[in-house]
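The values are calculated or read from the model by the stated rules, or taken from the named source; none is laboratory data. All of these numbers come straight from a predicted model, not from anything done at the bench. Methodologically, a virtual Cβ is constructed for each residue, glycine included, from the backbone with ideal geometry; neighbour enumeration extends over all protein chains shown. Each accessible area value is taken on the protein alone, full model and side chains, heavy atoms only, with ligands, DNA and RNA left out. Shrake-Rupley method; radii C 1.70, N 1.55, O 1.52, S 1.80 Å.
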Amino acid sequence: MIDVMSDPASPAREPSEAKQSLTDDAKGGPSSRPWPRAVTFVLLFVGVVMAAIGFATVMSMPDMTWHSARDAELRATYQAYQQTGTLLIKETGSGSYGVQAPAPGPLTFATWDDDPGSYIIASLMGDVTGSSSPYPGLKLAQALLVAIPLIWLPLAVARVVGKARAGYALVLLPAVTWLLNHGATLVGTEYGLSDRVNTLPVYSLYGTAASLAFLSLALVLLLSTLRMNLVALIGATVGISVLAAFGNMSRSLSGMGIAAAVGVLWWVFARGRWRWVAALGGGVAAILLATLIQTGLMTAVNVQRAETTGQAMTAVPDAHTAWHSLYLGLSYPQPLNGQPSKFGVTWSDEFAWAKAREVDPDVVIASAQYDKVLQGLYLDKVGSDPAGAVTLYLKKALYLAKHFGGLILFIVVGFVVGMWIRQGPRARLGRALAIATPLLLLGLIPAIMVMPMLYYYSELAAGLGLLAAVSLGVLVWAVTSWPARRRSVARQRAQGDFVENSAGPVGV
């Protein structure tokens, strides 16, 4: 049973509510003071309406086509699944020109380890849509991932702030993100956005990862306000770990930020000197469990791939080309404003491939050997001018801060107001920050180390989207509570003056 705090209309009850909230915050656990069940239903209804609008918004968008090389790989993988029923394979020689390796037969492994989650979703959703194209299924999946967390988000924010009107205020959230995040109307994802640099709208490879991360964080936020026993907490840890495993498959390491947030649930559950141990242990356990689940899922897929293609997994290149991305990241600011990089690197896969083949003409693109060559090229560039490299990354960080400046300012104002008000939900706001922080820190890596472009903002969009929702709830609560708070303070001062005057200096 959901245990929800009340939101009485009478200002006269504000002080007692604040006292209860302060008591609960001091204990570190969720408030046990319920509000009427009808309020919960209304908050959920608001969430359902928001979810329906979010779902319809995505479904009304055109298909978001992937970049050409990935589009070719996606279509080849999709067609092979329709013909064989096996995930992540393709006809030998088809697909992306960057994912090719010698194969003994007509079928070979596809995508290698390049974020296979979206390819899997596209193939499986084809069974639902029956389309010859993978894009209708991907759009349907994206719409569902956008809609689902909105169902409980108003309730979660209301519980964090302690007022139902904070949850009702989330009907304004799309307007806030549109105003402060460059025209984005979807919460927690950059899906469908484009600009003068990113002319191809952000597609599901990145949008799905962001929406899955946002869904997971929104669920952790709601759970952090509930009073759970040990069995329920363990179940929640396993469930979030499963979502984190899918997050890892959608975008490399994205699920680690999701799993780390589980530590907040263990912090809420534990008491005394063991709280930090429980929080750290819970987060680490979720990360390990997510990794184990991901490995198990991909092992099952790989076994079927090997049976269908007759190709051993060990014969397929195994690399995520991390050094390829880092090396191309030295091209800043060329892809953003056309100015050449001081390191002489061009933002182009073909550029990196050519440089690698200058070192090793026989290197297989995207293989472990290829990544080793790019590692050497990257370290040579950075080692030749370490100060210049530091300056380059600082400039990227500044560019990133400017891009999200309005949204960050809105979040900071909301949380400062919530923390500053003496009777505010300080502990719960602190937990909301703790939930989003691991994913935000993880999201800084691709945006700064590679390139501050829309395609690399998946984790940042999810984390900032969650904090923006909480901040909106706080600000609406603070603004609507201000008149009642002033009247309450005036009453207390008047009563204090009366007591002081009536107890004057007797007997002097």
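Numbers at a glance
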read-out	value
Solvent exposure, largest accessible area first (probe 1.4 Å, DNA, RNA and ligands not counted), of Leu288, Leu230	Leu288, Leu230
Interchain or long-range residues, amide H under 5 Å from Ala110's placed H	Ile89, Lys90
Check: segment 46-162 dipole with +1 on Lys, Arg Cβ and -1 on Asp, Glu Cβ, in debye	300 debye
Dipole of the chain, positive end: most advanced residue of Val202, Leu107, Ser216 [Cβ charges, Cα centre]	Ser216
Over 24 Å (Cα to Cα) - which of Lys342/Lys402; Lys139/Lys395; Lys355/Lys402; Lys355/Lys381 fall in this group	Lys139/Lys395; Lys355/Lys402
Accessible surface ranking that places the most exposed of Phe41, Phe415 first, with a 1.4 angstrom probe	Phe41, Phe415
Percent RCO, i.e. relative contact order, over the chain, from Cα pairs under 8 Å lying at least 6 residues apart	19 percent
Heavy-atom accessible area ranking, 1.4 Å probe, most first, across Thr314, Thr108	Thr314, Thr108
Cα centroid separation, segment 451-481 to segment 151-220 (Å)	7 Å
Under 11 Å, Cβ to Cβ, from Pro201 - net charge with Lys/Arg +1 and Asp/Glu -1	-3
Principal-axis tilt of helix 458-502 within the chain, Cα atoms, nearest 10 degrees	10 degrees
Between 0 and 90°, nearest 10: helix 426-444 axis offset from the chain longest Cα axis	20 degrees
Evaluated at q = 0.18, 0.24 Å⁻¹: base-10 log I(q)/I(0), Debye formula over Cα of segment 192-276	-0.76, -1.09
Mean separation of Cα contacts under 8 Å (6+ apart) over length of segment 363-451, as relative contact order %	29 percent
Percentage, to the nearest whole number, of Cα pairs in segment 269-409 over 28 Å apart	49 percent
For the chain, with +1 on Lys and Arg beta carbons and -1 on Asp and Glu, the positive-most of Phe404, Leu193, Ala122 along the dipole	Phe404
Dipole magnitude of the chain, debye to nearest 20 (Cβ charges: Lys/Arg +1, Asp/Glu -1, about Cα centre)	2360 debye
Whole-percent carbon and sulfur share, accessible surface of the chain, 1.4 Å	66 percent
Charge dipole (the chain, unit charges on Cβ, about Cα centre) - positive-most of Gly418, Thr225, Ser367	Gly418
For the chain: Kirkwood Rh in Å [reciprocal of mean 1/r, alpha carbons]	24.8 Å
Sequence-separation-based contact order of segment 136-252, relative, with Cα cut under 8 Å and 6+ spacing, percent	27 percent
Acute angle (nearest 10 degrees) that the helix 14-27 long axis makes with the longest principal axis of the chain, alpha-carbon atoms	50 degrees
Cα-based reach from Lys163 at 25 Å (exclusive), listing lysines while leaving out same-chain residues under 8 positions away	Lys19, Lys27
